[in-house]
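Report on the structure given below.
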Amino acid sequence: MKIIEGGVCAAKGFKAGAMRCGIRKSHTKKDLAMILSDCVCNASAVYTTNRVKASPILLTKEHLADGKAQAVIVNSGNANACAPFGMENARRQAKAGARALGVSEENVIVASTGVIGQTLPVEAIEAHAGEMEMKYDNSLVAAEAIMTTDTKVKTIAVEFDVDGTTCHIGGICKGSGMIHPNMATMLGFITCDANISSDTLQLALSQNVEKTFNQITVDGDTSTNDMVLVMSNGCALNDEILPDTPEFDKFSKMLNFVMQELAKKIAKDGEGANKLIQVDVVNAPNALDARMMAKSVVGSSLVKTAIFGEDPNWGRILAAVGYAGVDVPVDNVDIMLGGLPVMLASSPVTFDDEEMKDIMHGDEVTITVDLHSGQEKGTAWGCDLSYDYVKINALYHT
């Protein structure tokens, strides 16, 4: 595997574009992006678990019923969720994308992100989508256009070999607030040029989302618009990747890497965040227990504020271990911060203050919880909780 540039344009046959069409109040920020494959792709997606789902999610589910897609049209600045004319405007957005790109409306995926409850000014999309320039090296502008409160562009791409054929997977995503396990206010678009069916693609996506995007949390809120889409157009011309084969295992590993890197970028760019927090739970009875406990620790507001204050508060960490809902003994737990023990066998230990200050002052802090109860492990990612988080969300008016 090799990390490469290109994002969603790294895979063969994919173009992207972005523009400002007038949805956002800003006169400078781009607010509309599109992704286009040269041919129809096999595609799969996962969606928010919130029972309140935005109209673009419902339409995308409808369009993906046959496992096919060729293009994505996504706007920022307006979520088109719980809004008047939601489904009608989502369909109009799909039609606008199809007309601009010369593809079938049923093969256009629609996504929106932004303020909930306001009518989408779809007329702006209809008026300007046809003016967008689509290019094979344009992933970065598309990544910029889907940002809302994000402060950093989030993109990754890899090149890898499948049975002698070079393939590529690349992605972009957005997300900063309303980020919690089981999807978040997060949109992820992943492209691939491997030959793989939509069912096999769905298998790989569903397996890996549990260990990546569903293992991040910023603030405990699950949004209405979230999805991760994977499209693969087969332009690499490899033999079809089939389940339960070494080729599938390799493909799944590459997809996992892309999804994990994007997930970590979201966690690190949490609203008002200063630090990325990684929690590793090791020697657990099973992987699910390990993941649940890691999410419990990284999602604790008290742990998050302690990390913000650069305080090695092992008591808060142990408390989150205890209420994680995992039935394991807690009388022999080790806790380490950046590899430095603060608790061994569930008893506090002394540590070097200066070494701990260096660890806590870094922009990434790793918490390791050793349960001594098995051989499985799980990881979750989040961020510290700062004063700025409250400011950002208090000023984010409808």
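Those residues that are assigned to a loop (DSSP other than H, G, I, E, B) and either aliphatic (A, V, I, L, M) or under 23 Å from Asn256 (Cα atoms) (or both), I need them from segment 151-177; list them, please. Hits for segment 151-177 are Lys152, Val153, Asp163, Gly164, Gly175, Ser176, Gly177.
In segment 214-237 there is at least one residue that is over 13 Å from the mean Cα position of the chain (by Cα), part of a loop (DSSP other than H, G, I, E, B), at pLDDT 95 or above and on the phi > 0 side of the Ramachandran plot. When segment 1-27 is filtered for residues that are assigned to a loop (DSSP other than H, G, I, E, B) and either at pLDDT below 95 or touching a Lys or Arg at 6+ places or on another chain (Cβ under 9 Å) (or both), the ones remaining, listed by number, are Met1, Arg20, Cys21, Gly22, Ile23, Arg24, Lys25, Ser26, His27. Taking the criterion of being among the small types (Gly, Ala, Ser) and in a strand (DSSP E or B), the residues of segment 28-70 that qualify are Ala33, Ser37, Ala43, Ser44, Ala45, Ala69. Taken together, Glu355, Glu364 contain a single residue that is closer than 15 Å to Val303 by Cα and open to solvent by 80 Å² or more (accessible area, probe 1.4 Å), which is Glu364. Would you say Ile156 is under 12 Å from the mean Cα position of the chain (by Cα), of a type in the set (A, V, I, L, M) and modelled with pLDDT of 85 or more? Considered against the rule, which asks whether it is under 12 Å from the mean Cα position of the chain (by Cα), of a type in the set (A, V, I, L, M) and modelled with pLDDT of 85 or more, Ile156 comes out as yes. Looking only at segment 265-302, residues that are of a type in the set (A, V, I, L, M, F, W, C), over 15 Å from Asp363 (Cβ atoms) and surrounded by fewer than 24 Cβ atoms within 10 Å (Cβ to Cβ) come to 5 in all.
Filtering segment 296-324 to residues that are in a helix (DSSP H, G or I) and more than 20 Å from His372 (Cβ to Cβ) leaves Val298, Gly299, Ser301, Leu302, Val303, Lys304, Thr305, Ala306, Ile307, Phe308, Arg316. Residues in segment 31-72 that are of a type in the set (D, E, K, R) and buried (at least 23 other Cβ atoms within 10 Å of the Cβ): Asp31 alone.
Pairs meeting the criteria (first residue in segment 42-65 and more than 19 Å from Val115 (Cα to Cα), second residue open to solvent by 70 Å² or more (accessible area, probe 1.4 Å), beta carbons under 6 Å, at least 6 apart or on different chains) are His63/Glu106. Filtering Leu302, Leu337 for residues that are touching a Ser or Thr at 6+ places or on another chain (Cβ under 9 Å), closer than 30 Å to Lys152 by Cβ and among the aliphatic types (A, V, I, L, M) leaves a single hit, Leu337. For Thr165, indicate whether it is of a type in the set (Ser, Thr, Tyr) and within 22 Å of the chain's Cα centre (by Cα). For Thr165, the condition - of a type in the set (Ser, Thr, Tyr) and within 22 Å of the chain's Cα centre (by Cα) - is not met. Only one residue in Val40, Val46 is modelled with pLDDT under 95 and under 25 Å from Ile156 (Cα atoms). Which one? So the residue among Val40, Val46 that is modelled with pLDDT under 95 and under 25 Å from Ile156 (Cα atoms) is Val46. Name the single residue, out of those in segment 150-176 being open to solvent by less than 10 Å² (accessible area, probe 1.4 Å) and among the basic types (Lys, Arg), that is farthest from Arg24 (Cα to Cα). Among those residues, the one meeting the criterion is Lys154. For segment 347-359, the criterion of being in contact (Cβ under 8 Å) with a residue 40 or more places away in the chain and among the polar types (S, T, N, Q) is met by none of the residues.
Ser347 falls short of the stated requirement of being exposed (fewer than 15 other Cβ atoms within 10 Å of the Cβ), of a type in the set (S, T, N, Q) and under 26 Å from the mean Cα position of the chain (by Cα).
The values are calculated or read from the model by the stated rules, or taken from the named source; none is laboratory data. Note that the coordinates shown come from a computational prediction; the quantities given were computed from them, not determined experimentally. Every residue, glycine as well, gets a Cβ built from its backbone with ideal geometry; the counts of neighbours run over all protein chains shown. Note: areas computed on protein heavy atoms with side chains; ligands, DNA, RNA excluded. Shrake-Rupley method; radii C 1.70, N 1.55, O 1.52, S 1.80 Å.
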